[in-house]
Amino acid sequence: MTAKKVVWTIIAVAAAVVLGLFLRTNRLRSIKVRQSMPIEGAVIQRDADAKKEVPIADVVITASNGVTSATTRSEASGYFKLVLQKGVLSGTPVMVSFRHPSYEPVDLNVQTGRLETPAQLYVAAMVPIPPKTVARPSRPEASRPEVVVSNIRVRYTINSRTDTNVGSAVKTFQVVNTGNVPCNHQAPCSPDGKWKASSASESLDAGADNTFSNVRASCIAGPCPFTRIDSSGFIHGGRNISVSALNWSDTTTFLMEAEVYHTAISSNVRQLYPVIFGRTFNFTLPPTQEGVSLEAEVDGSPMVFPLGPTLNLSWATCTVRTDREKEKTTVYGCELKPGYRF
């Protein structure tokens with residue numbers, strides 16, 4: 001066998017080994033992907049009225065195929081996702097259980113494939129457990145009617161930045177120069193390097209909490225065609241601005257003008273009415289809201305109930321969540337406690 005044939009044989013064997021390792025790695029990766037079975041969905045409250053099927057948070061969700069299991073909890077929006085590791089060729093069904101102390105248990109049977117399980121979104125609707133009723137003695141106060149809650153309003157504050165035009169600023173300056181003097185490479189010179197030039201600059205300070213806007217600078221007297229204004233110091237406005245000018249002819253005069261704006265933070269109190277379905281009411285607020293409170297008439301008396309971080313109300317149980325969308329809307333949901341009605 002010639003040396004050339006030996007070399008080509010070695011190359012062919014090496015290529016075959018590399019190809020085999022590559023195929024084996026891809027196969028192992030494919031098997032690993034098929035072994036991972038994602039299960040995702042949402043948990044809601046079962047109700048004949050779709051408007052009352054509110055999300056349920058903190059539900060314990062467990063998926064098991066009898067060999068392996070995975071557990072998670074639902075988010076405030078009711079969303080959940082877990083990943084279960086299963087056998088590659090196992091088509092054993094997966095049991096997904098949903099448990100919450102305030103709701104009846106729910107079990108879902110998820111069918112799996114031997115090699116791959118089709119992706120699907122699972123929605124678990126849980127039935128609330130009725131509150132336990134305690135027998136009361138036969139006394140006049142025990143048979144009191146339910147307290148009426150009416151005229152509910154949501155009050156909150158939005159802080160916004162306001163810019164108010166409080167005046168204007170004016171500044172003039174001159175660039176003194178003599179025209180038709182050759183530059184002879186002694187800076188500053190005209191842009192073409194031919195004539196001797198002069199430059200000058202001026203600046204303005206708007207003061208604390210003030211900014212300049214709509215800044216303009218122009219040559220207003222003299223041989224203006226032979227001048228150039230540098231606007232980099234004022235084009236973006238701000239508290240401090242500056243302008244410089246280059247002149248390669250006789251003396252010229254420049255004018256800089258700007259509008260002055262005062263910046264302040266103002267608090268705006270806003271109100272809205274919640275949406276009521278049965279014994280629940282819902283409302284949404286922008287992410288910049290502050291100082292949320294509820295105004296309501298309880299048994300005919302107007303009252304104000306601040307909603308702090310714990311959302312404590314004597315007449316309702318409330319929850320809050322933030323939407324997953326980029327707007328980050330805050331969603332409130334409240335349900336009347338026993339003994340109260342709208």
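The values are calculated or read from the model by the stated rules, or taken from the named source; none is laboratory data. Here the structure is a predicted model, which is why all the values come from computation and not from measurement. With ideal geometry, Cβ positions are generated from the backbone for all residues, glycine too; neighbour counts draw on all protein chains shown. SASA here: full protein model, heavy atoms, side chains in, ligands and nucleic acids out. Shrake-Rupley method; radii C 1.70, N 1.55, O 1.52, S 1.80 Å.
Per residue, the solvent-accessible area of segment 267-324 (1.4 Å probe, heavy atoms of protein chains only, all protein chains present) comes to 59 Å².
Taking a straight Cα-Cα cut-off under 19 Å and skipping sequence neighbours fewer than 8 places away in the same chain, the aspartates and glutamates within cross-link reach of LYS328 are GLU75, GLU290. Computed with every protein chain present, the accessible area of GLU104 is close to 90 Å² [probe 1.4 Å]. With bins 10 Å wide beginning at 0, the percent of Cα pairs of segment 128-274 falling in each bin runs 10, 23, 16, 12, 8, 7, 7, 6, 5, 4, 2, 0. Protection proxy ranking of 302-310, 196-204, by the mean of other Cβ atoms within 10 Å over each peptide's residues and highest first, is 196-204, 302-310. Within the accessible area of segment 153-280, the carbon and sulfur atoms contribute 48%, probe 1.4 Å, all protein chains present.
Ranked by the mean number of other Cβ atoms within 10 Å of their residues, highest first, the peptides 252-259, 173-180, 264-271 come out as 252-259, 173-180, 264-271.
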